[in-house]
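Heads up: the structure comes next, in structure tokens.
The values are calculated or read from the model by the stated rules, or taken from the named source; none is laboratory data. Just so we're clear, the structure is a prediction, and the values are computed from it rather than from any experiment. Cβ coordinates were reconstructed from backbone atoms using ideal geometry, including for glycine residues, and neighbour counts include every protein chain displayed.
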Amino acid sequence: MAAPSPPEDLLAQVTQLWSMLDEMAESTPDSYHKFMQQQLEGAKQYCAPPEPHLCLQTHILDPSEKSLFINLCSWKRVPAPISPTNPIPLSAGPLEEVSDKLYSIIDIAYNPTVLQKREENQAEMDQLIRLTLKYVEEHYSLSLSHSYHIATFTLKGSLRRMKQSLRGGPPPAPLVNKNTRNDLTLDQIRHSLGKKDSSNATLLLNKDVKQSKVHLIEEIASMGLPEEFITPAYELTIVKDANRKPLKIELKVELPEVSSVSECELSISRDDVIVEVPEKYRLQLNLPELVDEEATTATFNKRNGVLLITMPIP
């Protein structure tokens, strides 16, 4: 990797870039306006958060046996492959152990076009999943079961956790090439501003999994302090019929500092539930019975600040 440029060189590059943009705005305002619109649109897509697509469930065999959930997500920040024969870029979060180490979660993101294309071809989707599992084994030094199934839910854990996992820290700022000349054209400026973080791992469709090198941009580690949440008071009840057969689980969560249900982030799977209010509350529970997450309902009583989650038992 090349040595980073001294601060004075970077300042000179930024000053030079702004001078060129000012000159462009005066000499060719239409081109300047079009260029800025393209940059704003590109930044908007680049900053869009990852979205859950599907969740895989398999098992870790070594170093210790436990369930593993792999959230496959779509993220516009991850570039699409250049051609069908080129590697497929991906972005992967850390291996996270949750629920007293009963299972682990990994978040992996692909460009939306990669997942959309394979939704139409089950064989290609299976191939992508198999290679994803192989990547997980090699990247995290795990031994996985060869069998897997697609969960009925699209995300294990909360949206907030997944976004933090994939983002890691604040996105790095693009740096201008040290060899930038004074006679840069519009296309060259766009190329300099449009460089993305290439530290994402790459997944080959016909070769071994490997990781790409970092070019020009170095990822900036997060300097923020870890968030601290309060565990809210709650009451969990199993409602049974006359024959003592479980019908549903009712979970009441007291959220006195919440004024609207829009402040809550709720994630429910068949065997656990997570309630989060950013910067305030977090509750994660393993459920005593398997539930139907698709039929689950939630209501929030503003008067007493209680969230009621009703989870039918199939």
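Tabulated data for the structure shown
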read-out: Which listed residue, of I309, I217, I274, I238, is modelled with pLDDT under 85 and either outside any helix (DSSP H, G or I) or not acidic (D, E) (or both); value: I217
read-out: Residue satisfying condition, being in contact with a helix residue (DSSP H, G or I) (Cβ under 7 Å, 6 or more places away or on another chain) and free of Cβ contacts under 8 Å to residues at least 40 places away in the same chain, within set E137, E124, E97; value: E124
read-out: Boolean, L247 is hydrophobic (A, V, I, L, M, F, W, C) and closer than 18 Å to G157 by Cβ; value: no
read-out: Subset of segment 290-314 (residues that are touching a residue at least 40 places away in the same chain (Cβ under 8 Å), farther than 19 Å from S260 by Cβ and surrounded by 14 or more Cβ atoms within 10 Å (Cβ to Cβ)); value: V291, E293, T310, M311, P312, I313
read-out: Given (1) surrounded by fewer than 15 Cβ atoms within 10 Å (Cβ to Cβ); (2) in contact (Cβ under 8 Å) with a residue 40 or more places away in the chain; (3) on the phi < 0 side of the Ramachandran plot, number of the condition E279 does not satisfy; value: (3)
read-out: Among (1) closer than 23 Å to T152 by Cβ; (2) hydrophobic (A, V, I, L, M, F, W, C); (3) without any contact (Cβ under 8 Å) to a residue 24 or more places away in the chain, the one test that I82 misses; value: (1)
read-out: Segment 57-79: number of residues that are surrounded by 15 or more Cβ atoms within 10 Å (Cβ to Cβ) and free of Cβ contacts under 8 Å to residues at least 60 places away in the same chain; value: 3
read-out: First in segment 42-56 and surrounded by fewer than 13 Cβ atoms within 10 Å (Cβ to Cβ), second anywhere and of a type outside the set (G, A, S) and modelled with pLDDT under 85, Cβ under 9 Å, 6 or more apart; value: C47/P171
